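The values are calculated or read from the model by the stated rules, or taken from the named source; none is laboratory data. Note that this is a predicted model, so its numbers are computed, not measured. Note that we place each Cβ from the backbone using ideal geometry, even for glycine, and neighbour counts take in every protein chain shown.
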Amino acid sequence: MDINLVILVILILLAIVDLTVGVANDAVNFLNSAIGANAAKLRTIMIVAAIGVLVGVMVSGGMMEVARKGIFNPEFFLMPELMVIFVSVMFLDILLLDTFNTFGLPTSTTVSIVFGLFGSGMAMTLIKIGDTTGNYSEIANYMNVNMVLTIIGAILLSIVMAFVFGLFVQYITRLIFSFDFEKRFRRYGAFWGAMALASITMFIMMKGAKNTEFMKGDFKGYFQDNMGLIFIYLYGFWTVVLLIVQRFTKFNVLKLIVLVGTFALAMAFAANDLVNFIGAPIAGLNAFKIASLTDNPLTTSMSGMQGKLPAETWMLLFSGLVMVATLFLSKKARSVATTTISLGRQDEGYERFESNAMARALVRMTYGIFSEIKKLIPSSVIRFVNSRFDTSKFKPDLDELGNAPAFDLLRAAVILFVSAGLISIATFFKLPLSTTYVTFIVAMAAALPDKAWGRDSAVYRVSGVLTVIGGWFITALFATVGSMIICYTIYYGEWVGLLGVFVLTAFTIYRSARYHKAKEEKHRAADIKSRKEEGDKEYSNKKVMNDVSIFLNDVTSVFAKSNTGLIDEDLKKLKKSKKKAAEIEKDVIVLNSSFIRLVNKFEYEDTEFANLAIRITISLQDISDKLYHSVAQNYKYVNNNHKPLTEDEMELLTTLNKKYEEYNVLLIKALGDYNFENYETIKKLYTEFNSNTLELYRNQLKRIKKQKSTVRRSIIMLNLISDFEIQSDLSFKVFEFAKISRSHI
């Protein structure tokens, strides 16, 4: 069997797979605003997006660019070489996009396919030159290397423009309407909404419908020459429509804007990005057909591949149906959308990304700059602005399940119309902006004026944004290198190489599907627990106290092991304890978030209970801080090779360790079981444990006077005696709070 025919069959199969993984990643472009703002029922949003996708596919004009933006020149290659290039691109594209989908990270399908073509084309170019002239200066004839710089420039341009305009428009919009915007919007929101809908309509005409008969011929010339006038006409039309809707109906026009914007972006996505998924397979099909019509198909020039190649209408319709099915069925598409929505959500809570040094530096620098700027602004202006951005009285509309949206409809509308406007302007001036990059960065920028990135969440969300942006550049790098490796493997490995890459791709997709399913089930279980927690005070209280018991168990274990490591001078054990103590410092942040949510569930009628709750909120952090300090000092003492403890000190520390563990075992079990019948027993142990602390201090001072202990050794022993007292005291306060909180349910 001819290997090229097999490659053609594989290309067709890969096209279907690539449609699913591509849509799963790009769906975030047009779904996140509507879903995040609860603009309509999820089914309604998906139907609107599906209609947009189908319309976009059918108006795409059926043009599949074989050499995407001139990445390589096909006339320099033979049909078998082009087939290897195209199948390498498809394998790489699926592997790369599926990986990003699995981890819920949005990336650009355009960058993936372009750099995949560049990598595989470059690999084949090097092979051809190496086998023929050996003159590698001829690479410029085969490849358009400048495209790499163009795409990288597009990434940076997308980020800067989207951030600036998204931030500015959202700030002005919120300044006009504030958060409690319903009354103001009904008075003069039609004029703002008309601006949004006019921008979105222009976007539909320029991006979505650019290949239709409507946008060709005389009207196309008129449209391009009179864009400003057409925008004014559209603005007037939409103003009248919205004024009528607001005057005679109770329909929320913001929902209309969001749904129209969702349709527009879905339409443009399908019309323009379809080439990313089926362009290479269709190009491979055309190359195979051209070669098959000649006497020497394996050695015929592929000059006929230049220009644009048509795709059959049935191919476009089938592709559209696959894309629509993916929208409704793909769980990975929702995971990618969740990442963008969670990074821009209005409320605080669990943060998916950990902070990093760059994020902390950016946040610190930004707050520093704004603090200096605020000094130059009159206080009256600051008070006015703060009143417009006050969220204390804002209560978002809940959905049927009682869930609040991630952000409001006003922000969702801004994200959509700014994204549409920027992409339209870029299209007019022929600037290479990425739809994915624009929509994501606009969504992030719009979150800033809304104070969605507060002091408690900014570093984590900035870290998440940096992770996503870094992923965009990784996409370009991995696409280039990965497609080169695959191209070499298939070209030199022939049947074995092709089968190997096919099996690897199938296995990777299978494993990623299992991994994603397990992760989703874990998140679903956590979500069910979270919902139950929100509606059941006792369950919530019990869950948090169980988490506290696990936390205290970890603290007790690390503290005791650290002291044992000091006695035994076991540096390895101390190093592990220090590492674990650092992890506990991170865990306490999540625990404190849960604790604060629990505290908010109760109405504190007695002052004693309220004060205790406040102290315990701080105590959990103090326990963690004190643990790390204690473990670090033990590690430093042994690491610096100071004298070992005396036998008396070892015996004392061992005894304290034992009593501390005995006391905490009962306390931790009581919290975990949510049973406080042993309260008096635990209180007695606590009292006995700390009853002779002063005597222990005096005994250690006596050792110093009798020169039985060095100064450094005495300092660490005095600190440890204090640590035992503080840790037991803090844990008992937590225990008392748990007991009191239960009685208040």
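Checked against (1) touching a residue at least 40 places away in the same chain (Cβ under 8 Å); (2) within 18 Å of SER630 (Cα to Cα); (3) not β-branched (Val, Ile, Thr), TYR697 passes all but condition (1). Whether a residue is of a type in the set (Gly, Ala, Ser) and farther than 23 Å from SER301 by Cα was assessed, and SER137 does not pass this test. In the range 88-109, the residue that is modelled with the highest pLDDT out of those that are surrounded by 24 or more Cβ atoms within 10 Å (Cβ to Cβ) and polar (S, T, N, Q) is SER88.
When LEU685, LEU720, LEU645, LEU671 are checked against the criterion of being surrounded by 15 or more Cβ atoms within 10 Å (Cβ to Cβ), part of a loop (DSSP other than H, G, I, E, B) and among the aliphatic types (A, V, I, L, M), a single residue qualifies: LEU645. Here GLU688 fulfils each of the conditions (1) acidic (Asp, Glu); (2) under 26 Å from LYS573 (Cα atoms); (3) at pLDDT below 85 apart from (2). In the range 510-553, the qualifying residues are those that are buried (at least 18 other Cβ atoms within 10 Å of the Cβ) and at pLDDT 85 or above, and the one that is nearest to PHE676 (Cα to Cα) is SER549.
Checking ILE85, ILE176, ILE152 one by one, the residue that is surrounded by fewer than 18 Cβ atoms within 10 Å (Cβ to Cβ), over 26 Å from the mean Cα position of the chain (by Cα) and in a helix (DSSP H, G or I) is ILE176 and no other.
The set of residues in the range 426-467 being at pLDDT 75 or above, in a helix (DSSP H, G or I) and surrounded by fewer than 21 Cβ atoms within 10 Å (Cβ to Cβ) consists of LEU466, THR467.
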